[in-house]
């Protein structure tokens, strides 16, 4: 099997209706480092760790949040469900931190009784669904950039980095065929009882769950998932990749794209925009 050119998850862009409120939430609750805050452009960018970023876009009429990507008509994702990697020992203290911030949370065991995988779910002020997922840093299934602890303020959740992003696709069958063919995503599996596919963000498809440090793209039809969370619409997601290899597949698929010294950006037929950057 040809290895996937997709190497890892690099960053997400969320749509917000109030940039200042978003900056406060992600600075205080997640303890992310703010590296750009431009009210005129409607953009705030955070450093998650040395290899990942989180960006907030507030839509501004007749103005692109990013002129470079304007030909692709990107938007920040609405009601995106995404997950953070966290040390399992920090899940219990995180409940107290969420309480202190006045945030409702829900705990769900994604494992089994003999091999539990407790996970915490909560929402940001804009309806994006956040998840705290324990990661076993000794697991052999390492991503291109392995998770490492990041020093956060005492009042912030002790997250290491982004784990996964979940996107909605209206035409599920076409998506499941297109993502491997047009971009090279490694299809891992789908659930038996719902239209929910998992793609490993790495050279080979691998099993999910039970603390794997690997990172993931989840894709499902428009439905309510766990903890009443929805997959994101018109998402903007950045991936580390072999850009030349992805470009060859994108060109063969005839998809609208922009390429420059920063990497390759592609508009998916469902309206998502994917960026591929070198590692």
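The values are calculated or read from the model by the stated rules, or taken from the named source; none is laboratory data. The model shown is predicted, which means the values in this text are computed figures rather than measured ones. Here the Cβ positions follow ideal geometry from the backbone for every residue, glycine too, while neighbour counts run over all protein chains shown.
Annotations
- In region 233-254, the residues that are in contact with a helix residue (DSSP H, G or I) (Cβ under 9 Å, 6 or more places away or on another chain) and in a helix (DSSP H, G or I): 246, 249, 250, 252, 253
- For region 255-268, the count of residues that are over 21 Å from residue 174 (Cα atoms), touching a residue at least 60 places away in the same chain (Cβ under 8 Å) and not in a loop (DSSP other than H, G, I, E, B) is at least one.
- Qualifying residue in region 88-101 (condition: under 18 Å from residue 232 (Cβ atoms) and touching a residue at least 24 places away in the same chain (Cβ under 8 Å)): no
- The strands (runs of 3 or more DSSP E) found entirely in region 129-208 that carry 3 or more residues being modelled with pLDDT of 95 or more and either crowded, with 19+ Cβ neighbours inside 10 Å or out of contact with any strand residue (DSSP E or B) (no Cβ under 8 Å at 6 or more places or on another chain) (or both) are 129-134, 159-168, 196-200.
- Count of residues meeting criterion [without any contact (Cβ under 8 Å) to a residue 24 or more places away in the chain and either in contact with a helix residue (DSSP H, G or I) (Cβ under 8 Å, 6 or more places away or on another chain) or buried (at least 19 other Cβ atoms within 10 Å of the Cβ) (or both)] in region 216-232: 0
- Scoring residue 279 on the criteria (1) touching a residue at least 60 places away in the same chain (Cβ under 8 Å); (2) within 26 Å of residue 79 (Cβ to Cβ); (3) out of contact with any helix residue (DSSP H, G or I) (no Cβ under 7 Å at 6 or more places or on another chain); (4) not in a helix (DSSP H, G or I) leaves a single failure, condition (2).
Condition check ((1) touching a strand residue (DSSP E or B) at 6+ places or on another chain (Cβ under 6 Å); (2) modelled with pLDDT under 95; (3) surrounded by fewer than 19 Cβ atoms within 10 Å (Cβ to Cβ)) across all residues:
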residue	(1), (2), (3)
38	no, no, yes
81	yes, no, no
95	no, no, yes
118	yes, yes, yes
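- Within this structure, residue 235 fails the test of being surrounded by 17 or more Cβ atoms within 10 Å (Cβ to Cβ) and more than 28 Å from residue 56 (Cβ to Cβ).
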